[in-house]
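Written out below as structure tokens is the structure these notes cover.
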Amino acid sequence: MGRVAALIVAFTGVFVGSAQAEEQLLPGSSFKDCATCPEMVVLPAGTFMMGSTPEETTLAEVRADAAEREQPKHAVTLARAFAIGRYEVTLAEYRAFVTATNRPDPDRCITWTEANDTWGEVDGASWQNAGFYQGEDHPVGCLDLKDVRDYSAWLSDVTGERYRVPSEAEWEYAARGGTATNQTWGDTMEHMCRFANASDLTRADVHKGVRDTPTRFFECRDGFVYTAPVGSFPPNAYGLYDMVGNIWEWVEDCFIVGYEGAPTDGSVRYDENNCDRLIVRGGGWYARNWFMRPAGRSREHPDYRSTTLGLRVVREID
């Protein structure tokens, strides 16, 4: 174990010290490596089908250029168990990192400007000044790729364990929660507002949304305009919250259209000659409807900061 003794929270809710910790790191168990570290859930090794079929993208009304990013559907085998955050990293958790390292805030971030009902880069906007209310239990945004890598490296330094940004395959494996359907609750986009914080009529009312754009808003209300406190919606079968919705999440893979030639072992897909943008996953409170699926993929430049984009960490297990 690392320098800081792991505190394991088994399903009984009992905290276990470092002497017993490793034997408790079994699939389904959860733990925190330090008081301000994210809660982690251990996922089993396994094989799953990554991506989507043309039938799925047609059903979800995915735009043609976005649909081709998700295909062909293919088998991926993760040979080892790993742990992933039960929740998206929160403001409180990221604040611990900023405070400990004296990290300066960025000087601008892309956010919604209510004064003119549009998106734009706002001077002074940052992870702790999103332009709308966020409590300490909301997912942190306005993080670029360096921010999320540095945060993960700090967790590794503090705990002596190996924290990092997920691979895209690890992320989708976690998001699917052992299911084979298009959504973890079934094959349709129905009931979205019961299961996720999405771009819905609650947001449309405030942002004067274009209601005649069928893929911009779900015809339901989830009760949140912007981010929601993590864990506000039901978890998937792995006990993970907000894998779809709330806020986009960085992964480490380069953006390459389609899965032809992609790794089948869960590793990061990297091409130094074709990596000006990286994959982001999960959709969020401001996302086209078709992104709100475990298979949905988008991409951003490494230095992109937006109130819609944050992080969920992975911790490797020996």
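Read the figures in this text as sums done on the coordinates, not as results from a lab. Predicted model only: the values in this text are computed from it and were never measured. In this analysis, Cβ positions are derived from the backbone assuming ideal geometry, glycine residues included, and neighbour counts consider all displayed protein chains.
Tell me which of these Asp276 doesn't satisfy, since it passes every other one: (1) of a type outside the set (A, V, I, L, M, F, W, C); (2) without any contact (Cβ under 8 Å) to a residue 60 or more places away in the chain; (3) over 29 Å from Glu161 (Cα atoms); (4) touching an Asp or Glu at 6+ places or on another chain (Cβ under 7 Å).
Going through the list (1) of a type outside the set (A, V, I, L, M, F, W, C); (2) without any contact (Cβ under 8 Å) to a residue 60 or more places away in the chain; (3) over 29 Å from Glu161 (Cα atoms); (4) touching an Asp or Glu at 6+ places or on another chain (Cβ under 7 Å), Asp276 breaks only (4).
Could you run through segment 87-146 and say how many residues are assigned to a loop (DSSP other than H, G, I, E, B), out of contact with any Asp or Glu (no Cβ under 6 Å at 6 or more places or on another chain) and within 23 Å of Met243 (Cβ to Cβ)? Walk me through how you get there before you give the answer.
Going residue by residue through segment 87-146, those that are assigned to a loop (DSSP other than H, G, I, E, B) are 87-89, 102-107, 114-117, 124-125, 127-128, 130-138, 140-144.
From what is left, the residues that are out of contact with any Asp or Glu (no Cβ under 6 Å at 6 or more places or on another chain) are 87, 89, 102-107, 114-117, 124-125, 127-128, 130-138, 140-143.
From the residues that got through so far, the ones that are within 23 Å of Met243 (Cβ to Cβ) too are 87, 89, 127, 130, 132, 134-138, 140-143.
Residues flagged as assigned to a loop (DSSP other than H, G, I, E, B), out of contact with any Asp or Glu (no Cβ under 6 Å at 6 or more places or on another chain) and within 23 Å of Met243 (Cβ to Cβ) within segment 87-146 amount to 14.
Could you check Glu68 against (1) in contact with a helix residue (DSSP H, G or I) (Cβ under 7 Å, 6 or more places away or on another chain); (2) in a helix (DSSP H, G or I) and say which number it fails?
(1)
If the Cβ limit is 8 Å and pairs must be 6+ apart or interchain, which residue in segment 162-183 that is free of Cβ contacts under 8 Å to residues at least 24 places away in the same chain pairs with which residue that is of a type outside the set (Val, Ile, Thr)?
Thr181/Asp187
Just checking, which of Phe31, Phe82, Phe97 is of a type in the set (Phe, Trp, Tyr) and touching a Pro at 6+ places or on another chain (Cβ under 9 Å)? Before the answer, list the steps.
Values: Phe31 fails: touching a Pro at 6+ places or on another chain (Cβ under 9 Å); Phe97 fails: touching a Pro at 6+ places or on another chain (Cβ under 9 Å).
Going through Phe31, Phe82, Phe97 in turn, just one is of a type in the set (Phe, Trp, Tyr) and touching a Pro at 6+ places or on another chain (Cβ under 9 Å): Phe82.
Could you please find all residues in segment 144-164 being buried (at least 23 other Cβ atoms within 10 Å of the Cβ) and among the hydrophobic types (A, V, I, L, M, F, W, C)?
Val148, Leu155
Which of (1) closer than 21 Å to Asp318 by Cα; (2) touching a Pro at 6+ places or on another chain (Cβ under 9 Å); (3) part of a loop (DSSP other than H, G, I, E, B) does Leu155 not meet, given it meets every other one?
(3)
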